[in-house]
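**Q** I'd like to ask some things about the structure below.
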Amino acid sequence: MRKRLTINSLQRMKQERNAISVLTAYDYPSAKLAEEAGIDVILVGDSLGNVVLGYETTIPVTIDDIVYHTRAVARAAAHTFIVADMPFMTYGASRELTLTNAAKIMQQGGAQAVKLEGGAEIAADVEALVKAGIPVMGHIGLTPQSVHQLGGYKVQGKTEKDAQRLMDDALALEQAGAFSIVLELVTEPVAEAVSKALSIPTIGIGAGRGCDGQVLVYHDLLQYASPYFEKKFVKTYADIGSMIRGAIESYVDEVKTGQFPAEEHVFQPGTASPQALYGGRSASKSEQTDNKGTETRKEVPLT
């Protein structure tokens, strides 16, 4: 059983040039699969607003949405470092609001850290959270919660002035105590310069190869969407959306034509084991044989 990473181990990964893998997840089965695949960090991002809840932006996502989804992820990924986003306007308005909402995510959601969007303007909030014992991941560059202020989804760091702003924001967040910073849609040279200037790890998404780690959205990595819109900074590793659609189409067809349910799916007079009824898990090797080598089986209760 692997040991959960900490902010200290993530720091060592930067020092050792051991790239950090980060993936979003929003529910129990997704987080379970991510942990089993060996992901370093799971981010319960407010991107769930776009890919799970069907909003056009992340702005409608609430603190209760984040807590609900983080709790599901935490149940599945007990050995993975979990970071949860603080949604739009749940921080920054007042110190009390920021601390209260972050505490709710940690206590009720089960996250090990929170993520805030913004630079120097939120440094005081970051510092207050860190002093309260709450680890903070920063997020600069394209900040989706400020998409209307930014004028849309645009690459950041194209001008010298913009590049200097990003550097200043990153240094301010580091000084405030952030343990890591996400760089989103930032030109590669600027992201690399920021990464080299910081002692804390940077996690890139559309920020090139110079970052200390990378993050992708679960649904982008797997093309788990309809329709799926390709993005330049994303590499998809499977087309799960098409597979799911095809499987459901097959199910619909078999129901319509009477192919399902077939003989093996129906019950006849007699007895059936609970496993056959409810698809209970297969017994482990230790359950299949007793100390004398005799094969045994544990039944799943009918509940």
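**Q** Against the conditions (1) of a type outside the set (V, I, T); (2) part of a loop (DSSP other than H, G, I, E, B); (3) closer than 15 Å to V83 by Cα, where does E56 fall short? Just the number, please.
**A** (3)
**Q** Oh, and also: Counting just the residues of segment 143-160 that are touching a helix residue (DSSP H, G or I) at 6+ places or on another chain (Cβ under 8 Å) and either hydroxyl-bearing (S, T, Y) or part of a helix (DSSP H, G or I) (or both), which one comes out surrounded by the most Cβ atoms within 10 Å (Cβ to Cβ)?
**A** To start, the set of residues in segment 143-160 that are touching a helix residue (DSSP H, G or I) at 6+ places or on another chain (Cβ under 8 Å) comprises 143, 153, 156-157.
Add one more test, that the residue is either hydroxyl-bearing (S, T, Y) or part of a helix (DSSP H, G or I) (or both), and what stays is 143, 153.
Numbers: T143: 19, Y153: 13.
For segment 143-160, the residue satisfying everything is T143.
**Q** For M13, work out the one condition from (1) under 16 Å from V182 (Cα atoms); (2) outside any helix (DSSP H, G or I) it doesn't fulfil.
**A** For M13, the failing item is (2).
For (1) acidic (D, E); (2) modelled with pLDDT under 95; (3) surrounded by fewer than 16 Cβ atoms within 10 Å (Cβ to Cβ); (4) not assigned by TED's automatic domain parsing to the domain that holds V22, each residue gets a yes or a no:
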{"position": "G54", "(1), (2), (3), (4)": "no, no, yes, no"}
{"position": "D64", "(1), (2), (3), (4)": "yes, no, yes, no"}
{"position": "A113", "(1), (2), (3), (4)": "no, no, no, no"}
{"position": "A128", "(1), (2), (3), (4)": "no, no, no, no"}
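**Q** Also, I was wondering about something else. Give me the pairs, please: first residue somewhere in segment 145-161 and modelled with pLDDT under 95, second residue anywhere and aromatic (F, W, Y) and in a loop (DSSP other than H, G, I, E, B), beta-carbon distance under 6 Å, and either six or more positions apart or on two chains.
**A** Here the result reads Q145/F88, each pair linking segment 145-161 to a residue that is aromatic (F, W, Y) and in a loop (DSSP other than H, G, I, E, B).
**Q** Go through (1) in contact (Cβ under 8 Å) with a residue 24 or more places away in the chain; (2) aliphatic (A, V, I, L, M); (3) outside any strand (DSSP E or B) one by one and return the number of the condition V215 breaks.
**A** (3)
**Q** Now a separate question. Would it be correct to say that V83 is at pLDDT 95 or above and part of a strand (DSSP E or B)?
**A** Numbers: at pLDDT 95 or above: yes; part of a strand (DSSP E or B): yes.
The answer is yes for V83.
**Q** Inspect all residues belonging to segment 23-42 and state whether any of them is part of a strand (DSSP E or B), touching a residue at least 40 places away in the same chain (Cβ under 8 Å) and out of contact with any helix residue (DSSP H, G or I) (no Cβ under 9 Å at 6 or more places or on another chain).
**A** As a first pass, look at segment 23-42 and keep what is part of a strand (DSSP E or B): 23-24, 41-42.
Among the residues that remain, those that are also touching a residue at least 40 places away in the same chain (Cβ under 8 Å) are: 23-24, 41-42.
Still in the list and also out of contact with any helix residue (DSSP H, G or I) (no Cβ under 9 Å at 6 or more places or on another chain): none.
Checked segment 23-42: no residue is part of a strand (DSSP E or B), touching a residue at least 40 places away in the same chain (Cβ under 8 Å) and out of contact with any helix residue (DSSP H, G or I) (no Cβ under 9 Å at 6 or more places or on another chain).
**Q** Just to check your reading of the model, which residue among E264, E192 is surrounded by 12 or more Cβ atoms within 10 Å (Cβ to Cβ) and part of a helix (DSSP H, G or I)?
**A** Numbers: E264 fails: surrounded by 12 or more Cβ atoms within 10 Å (Cβ to Cβ).
So the residue among E264, E192 that is surrounded by 12 or more Cβ atoms within 10 Å (Cβ to Cβ) and part of a helix (DSSP H, G or I) is E192.
**Q** Please specify each residue of segment 27-69 satisfying the condition of being under 19 Å from V182 (Cα atoms), under 12 Å from the mean Cα position of the chain (by Cα) and not hydrophobic (A, V, I, L, M, F, W, C). Don't jump to the end; show me each part of the working.
**A** Of all residues in segment 27-69, those under 19 Å from V182 (Cα atoms) come to 39-50, 57-59, 66.
Okay, now just the ones that are also under 12 Å from the mean Cα position of the chain (by Cα), so 39-48, 66.
Answer for segment 27-69, where residues must be under 19 Å from V182 (Cα atoms), under 12 Å from the mean Cα position of the chain (by Cα) and not hydrophobic (A, V, I, L, M, F, W, C): D40, G45, D46, S47.
The values are calculated or read from the model by the stated rules, or taken from the named source; none is laboratory data. This is a predicted model, so every value here is computed, not measured. For neighbour counting, all protein chains shown are included, and Cβ atoms are generated from backbone atoms with ideal geometry for every residue, glycine included.
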